[in-house]
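The values are calculated or read from the model by the stated rules, or taken from the named source; none is laboratory data. Treat the numbers as computed from the prediction; the structure is a model and nothing was measured. Positions of Cβ are backbone-derived with ideal geometry, glycine not excepted, and every protein chain shown enters the neighbour counts.
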Amino acid sequence: MKSVACLVAAFLAWTVPATAHDLWLAPGQGGVHVLYGHPHEPEMPSAAKLMSLTAYEASGTKALAAKAEAGVLRAAYQGDALVAAAYDNGYWVRLEDGTYRNASKRVLPLATKSLWSMKFAKAALGAAAPWDRVVGHPLEIVPLEDPATASGTIRVKVLFEGRPLASASVVATDGVNFKSEADQARATTDAEGIARVPLRSAGPQVLAASHHVRPSQTPQLADTDAYSATFAFTISDPKTN
């Protein structure tokens, strides 16, 4: 659990503001871990908010069932696959004192900020994983080259509602070491939604992107729709920068 918590902390520290959370998938012994939380206080994700968890294999798809085990939300799985998750984090408001509540602005109309939060995560597990598959998440990071053999950089495309998202910031970390947000590798997508993201070390990698849309599709409940997406993979190439 300590190593999992450290991975969560390292990843989340640079992807989101201190008040936000993010979602990440990581391989675990005999399965996949669904990770969520703050860098300084990782939390247990809610199984009820996990809308889907799917393994895309070369031969087809398989729905996975995540269960809480020893403080981790985990789904049993063996084999090579692109695993994808969708997580509805619901409505959130910021109050005048700076605290956040899991509620809509309809309930708390004096809130200084309100949003609906949806999180998506993908992870390439194994050499035969269909890593380039577009699974149809509203916000999605799609590698344009085999992540396992990337060296120094990786080209990816960011899609929002199936279309290239320009000027999106893509952040990379090794998922283990965290110094400060300024130390993390970043790249910005071009007009075609493509970015070449630096990779600083071999081993576990996590890419992250976010996109906010205002006004919300449910303006009576929130001002903004907030989307985030991650893509996790592992590099064994020692030439990675």
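For the residues Leu25, Leu73, the requirement of being more than 19 Å from Pro204 (Cα to Cα), in contact with a Lys or Arg (Cβ under 8 Å, 6 or more places away or on another chain) and at pLDDT below 95 singles out Leu73. Number of residues in the range 151-210 that are modelled with pLDDT under 85 and part of a loop (DSSP other than H, G, I, E, B) equals 11.
So that you can scan it fast, the table gives a plain yes or no per residue for (1) of a type in the set (Phe, Trp, Tyr); (2) at pLDDT below 95; (3) within 28 Å of Gln217 (Cβ to Cβ); (4) within 18 Å of the chain's Cα centre (by Cα):
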position	(1), (2), (3), (4)
Asp88	no, no, yes, yes
Trp92	yes, no, yes, no
Leu95	no, no, yes, no
Ser104	no, no, yes, no
Ser117	no, no, yes, yes
Ala127	no, yes, no, no
Asp132	no, no, no, yes
His137	no, no, yes, yes
Glu145	no, no, no, no
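Restricted to the range 70-95, and to residues there that are closer than 26 Å to Val134 by Cβ and touching a residue at least 60 places away in the same chain (Cβ under 8 Å), the residue that is surrounded by the fewest Cβ atoms within 10 Å (Cβ to Cβ) is Asn89. Quick one: count up the residues across the range 144-156 that are farther than 13 Å from Thr234 by Cα and surrounded by 21 or more Cβ atoms within 10 Å (Cβ to Cβ). Within the range 144-156, residues that are farther than 13 Å from Thr234 by Cα and surrounded by 21 or more Cβ atoms within 10 Å (Cβ to Cβ) number 1. Counting just the residues of the range 78-136 that are touching a Lys or Arg at 6+ places or on another chain (Cβ under 8 Å) and not in a strand (DSSP E or B), which one comes out nearest to Val158 (Cα to Cα)? It comes out as Val135.
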